[in-house]
Each structure stands twice: as structure tokens, then as C-alpha cells.
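Student: Just passing along the structure, written as C-alpha cells.
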Amino acid sequence: MSIISHHSALVYVMVVVAAADGVMSDKELKTIGELAHRLPAFRDFDHARLLPIAQECAQILTENEGFEAVLGLIKTALPDQLRETAYWVALEVAMTDARIALEELKVIDAIRRVLGIDRLVATALERGARARYQIA
């Protein structure tokens, strides 16, 4: 298994969540781009690489055992201090459509498990994401 950068791993997380329900919406794509432009974890990221990295991830997902391969790449590439960030960006992308599909929930849970995110920490991040997207 090849090693990817932490930038690529974060992009892979966002792509795998966006693609989970079979459709990557324009809103989800916009959110991915916005997160890659504003998060400190992407400070030294070459933004011209965003689309090629997303396409790499999508290609891997089409292969046999592709989802497991992507999760393995993400786990290998992410340092401990970015694992909660990865879980948070997964939630942000999922919440973009104002509804989270069952498939997205399954992917998010798989990400939580493979990254070793404590259930209590995950619940706090989920609650924060929910609060951020509440409407009156």
C-alpha cells in the first residue's frame, strides 16, 4: 500500500463521505473546496492538486475492496493530531446536504473506528456539527 500525504488523506475522507450515497452533490464539492482552503491543516497544500487527489480517491473506490483500501491509506497517512480533524471534516461534508444518508452514517462510523476516535469525542464532534447546521 502506498503512502499518501496528510492533505490527501483529509481529501480522501471528504470524498469517501460525499460519494457514500452514490452522488457527490455540488454542495458537497463546494464544501470540500472551502474546507481545503480555510483549514490550518491545509496551510501548505497545493490547491491545484485538490481535483486530482479527489479523482485518485474516486478511482480507488471503484476497485475491488476499494473502500477498505482508502480507509487503510487514510489511517496510515494521518498523524494522531489530525484524526479528530478528519472525523470533523467527514461530518461537515455529510451535513452539507442538510440530511445524512444511511450510507454516509456507515462510512462516518467506519472512519471513526479505523481512526480510533473515542465514542465520547465522536459524540461531541457530532453534536457540534449538528448545532452548526441548525436552522430556525
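The values are calculated or read from the model by the stated rules, or taken from the named source; none is laboratory data. Fair warning: this is a prediction, and the values are worked out from it, not measured in the lab. Glycine also receives a Cβ, built like all others from the backbone with ideal geometry; neighbour counts cover every protein chain displayed.
Student: Could you check the range 69-103 and list, in sequence order, the residues that are over 19 Å from ALA36 (Cβ atoms) and under 14 Å from the mean Cα position of the chain (by Cα)? Spell out how you get there, then give the answer.
Tutor: Here is the first cut: in the range 69-103, the residues over 19 Å from ALA36 (Cβ atoms) are 69, 71-72, 75-76, 80, 98-103.
If the condition is that a residue be over 19 Å from ALA36 (Cβ atoms) and under 14 Å from the mean Cα position of the chain (by Cα), then LEU71, GLY72, LYS75, ILE100, GLU103 are the ones that fit.
Student: Of the residues THR62, THR31, which is within 15 Å of the chain's Cα centre (by Cα), surrounded by fewer than 22 Cβ atoms within 10 Å (Cβ to Cβ) and of a type outside the set (A, V, I, L, M, F, W, C)?
Tutor: On the way: THR62 fails: within 15 Å of the chain's Cα centre (by Cα).
After applying the criteria, what remains is THR31.
Student: Using beta carbons and a limit of 8 Å, which pairs, at least six apart or on different chains, have the first residue in the range 18-32 and in contact (Cβ under 8 Å) with a residue 12 or more places away in the chain and the second one in a loop (DSSP other than H, G, I, E, B) and surrounded by fewer than 18 Cβ atoms within 10 Å (Cβ to Cβ)?
Tutor: Matching pairs, first to second residue: ALA18/SER25; ALA20/ALA101; ASP21/ALA101; SER25/ASP97; LYS27/ASP97; GLU28/ASP97.
Student: Sort out which residues of the range 65-100 are surrounded by 15 or more Cβ atoms within 10 Å (Cβ to Cβ) and either among the basic types (Lys, Arg) or part of a loop (DSSP other than H, G, I, E, B) (or both), and write them in order of number.
Tutor: LYS75, LEU78, ARG83, THR96, ASP97, ILE100
Student: When you scan the range 16-35, do you find a residue that is touching a Cys at 6+ places or on another chain (Cβ under 9 Å) and closer than 19 Å to TRP88 by Cβ, even just one? Let's see the steps before the verdict.
Tutor: Keep residues of the range 16-35 that are touching a Cys at 6+ places or on another chain (Cβ under 9 Å), which gives 16, 19.
Next, from what is left, pick out any that are closer than 19 Å to TRP88 by Cβ: 16, 19.
So far as the range 16-35 goes, yes, one or more of its residues are touching a Cys at 6+ places or on another chain (Cβ under 9 Å) and closer than 19 Å to TRP88 by Cβ.
Student: Still on this model: Filter the range 1-48 down to the residues that are of a type outside the set (A, V, I, L, M, F, W, C) and part of a loop (DSSP other than H, G, I, E, B), then identify the one that is modelled with the lowest pLDDT. Lay out the reasoning, then the answer.
Tutor: Filtering the range 1-48 down to residues of a type outside the set (A, V, I, L, M, F, W, C) leaves 2, 5-8, 12, 21-22, 25-28, 30-31, 33-34, 37-38, 40, 43-44, 46-47.
Now narrow it down to the ones that are part of a loop (DSSP other than H, G, I, E, B): 2, 5, 21-22, 25, 43-44, 46.
On the way: SER2: 61, SER5: 96, ASP21: 87, GLY22: 85, SER25: 87, ARG43: 94, ASP44: 94, ASP46: 95.
Per the criteria, the residue is SER2.
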